[in-house]
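The values are calculated or read from the model by the stated rules, or taken from the named source; none is laboratory data. Computed from a prediction, not measured in an experiment: that's the story for all the values here. So basically every Cβ, Gly included, is an ideal-geometry build from the backbone, and we count neighbours across all protein chains shown. Protein only, heavy atoms only, side chains kept; ligands, DNA and RNA dropped before computing areas. Shrake-Rupley method; radii C 1.70, N 1.55, O 1.52, S 1.80 Å.
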Amino acid sequence: MDINLIGIPIFYGADKRGPEYAPSKLRDKDIVSVLSKHNHRVYDFGNLHVPEIKEYNKFYSHHNLKYLKAIVEVNTNLAHVVYSSLKANSFPLVIGGDHSIGLGSISGVSKAYKNIAVIWMDAHGDINTQDTSESGNIHGMSLANAMGLGYEDLTNVYCERKKIAPENVFILGARDLDDGEKILIQEKNLNVYTIEKIRDKGIEKVVNEITQKLKNRNIEAIHLSFDVDFIDAKYVPGTGTPVGQGMNVEETKKLLKSLAETKLIKSMDFVELNTLLDKEDITADLAIDLLDWTFKYI
Ligand code: ARG
Ligand code: MN
Ligand code: MN
Ligand code: MN
């Protein structure tokens, strides 16, 4: 397969420095050769431009949405690169950056395919809006925005329609949800698999259940959005919003393998690796290991 590697050096959605260095960190660790091992041709597209905004200007375009204008701009450009990659039959692998870029990726995928699903592996839901967010950090809103919920500059990124139907969204690993997010999950009856639920059912059964739903709905493509804080905090020091009670590395790999083996994953984000918080590159090395593993089966 052809893989387009796209780096997005952005921290604005997290409002905490660190994730902007992840793309070059993974390149230093030879991500291109690692992925090429598995019979893939990897094209490194370099990094997309992220405009420089001074900290004191972060509320310039909205009083509660930090760095709104820059995030909209980056996501619009990302959407187009993802769309073009898919149209050229390449697999867009988007390296964040923080999770605000999930919006751009999904926007691009949703233009390339009619029926898409999103699998969002994350300790968080990232389904806040400007009204429910306690932080004003847009990385906690990107999945809501992709579903057409939230501030219109965000929901209108790339094209003015919702990018993904709520029934085709699967959130895996959630264990730190804000009150507003919990309400939305009830309201929209979202498919949420908490760690507890995944362990109870077993990974195989969870993936079977998801695949069955996708089949019934004639899904053509899955976008996999992987936030490294999906994994238990004790294995990932290098992330900005770590959460305990998560899966270990072995369980995570088992899940990634089963998902990859559906052969429906056509695009992926890898986000929230914070190199400034990392200890002895533990999280960066884990990122390489996880991508190596996943692309063996994709
Ligand atoms: N729920 C919190 C917020 O909205 C945390 C979000 C963390 N998101 C992430 N992509 N790491 O601010
Ligand atoms: Mn996230
Ligand atoms: Mn998260
Ligand atoms: Mn909270």
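In table form, for the structure just shown:
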{"item": "Loop-located GluC sites (Glu not before Pro) in region 1-80 whose Cβ has at most 13 other Cβ within 10 Å (DSSP)", "result": "E52"}
{"item": "Simple label model, 7 Å out from Cα along Cβ direction - N248 to E261, nm", "result": "2.1"}
{"item": "At least 15 Å along the helix axis (C-alpha) and Kyte average at least 0.5, DSSP helices within the chain", "result": "68-87, 102-112, 282-297"}
{"item": "Sparsely packed trypsin sites (Lys or Arg not before Pro) within region 60-157, loop by DSSP, other Cβ within 10 Å at most 16", "result": "K114"}
{"item": "Estimated distance in nm for a label pair at K201 and D289, the labels positioned 7 Å out from Cα along Cα-to-Cβ", "result": "2.7"}
{"item": "Length gained when the stretch E152-K234 is fully extended (0.36 nm per residue, less Cα-Cα span)", "result": "25.8 nm"}
{"item": "Mean-position separation - Cα centroids, region 19-98 and region 225-298, in angstrom", "result": "17"}
{"item": "Estimated 222 nm signal from helices in the chain, with DSSP H stretches of n ≥ 4 weighted -39500 (n - 2.57), rounded to 500", "result": "-11000 deg cm²/dmol"}
{"item": "For region 228-236, Karplus couplings with θ = phi - 60° (6.51, -1.76, 1.60), whole Hz, Gly/Pro x", "result": "5, 6, 3, 6, 3, 3, 6, 9, 10"}
{"item": "Carbon + sulfur, % of accessible area of region 254-298 - ligands and nucleic acids excluded, 1.4 Å", "result": "53"}
{"item": "Restraint check, K29/K182; K87/K205; K66/K182, Cα-Cα greater than 29 Å", "result": "K29/K182; K87/K205"}
{"item": "Dipole magnitude of the chain, debye to nearest 20 (Cβ charges: Lys/Arg +1, Asp/Glu -1, about Cα centre)", "result": "1020"}
{"item": "Cα pair distances of region 1-65 binned at 10 Å [whole percent]", "result": "19, 39, 24, 14, 4"}
{"item": "The chain - percent relative contact order, Cα under 8 Å, separation 6 or more", "result": "22"}
{"item": "Semi-axis lengths, Å, the chain, gyration tensor of Cα atoms, sqrt of 5 times eigenvalues", "result": "24, 22, 20"}
{"item": "Solvent-accessible area per residue for the chain (1.4 angstrom probe, square angstrom)", "result": "41"}
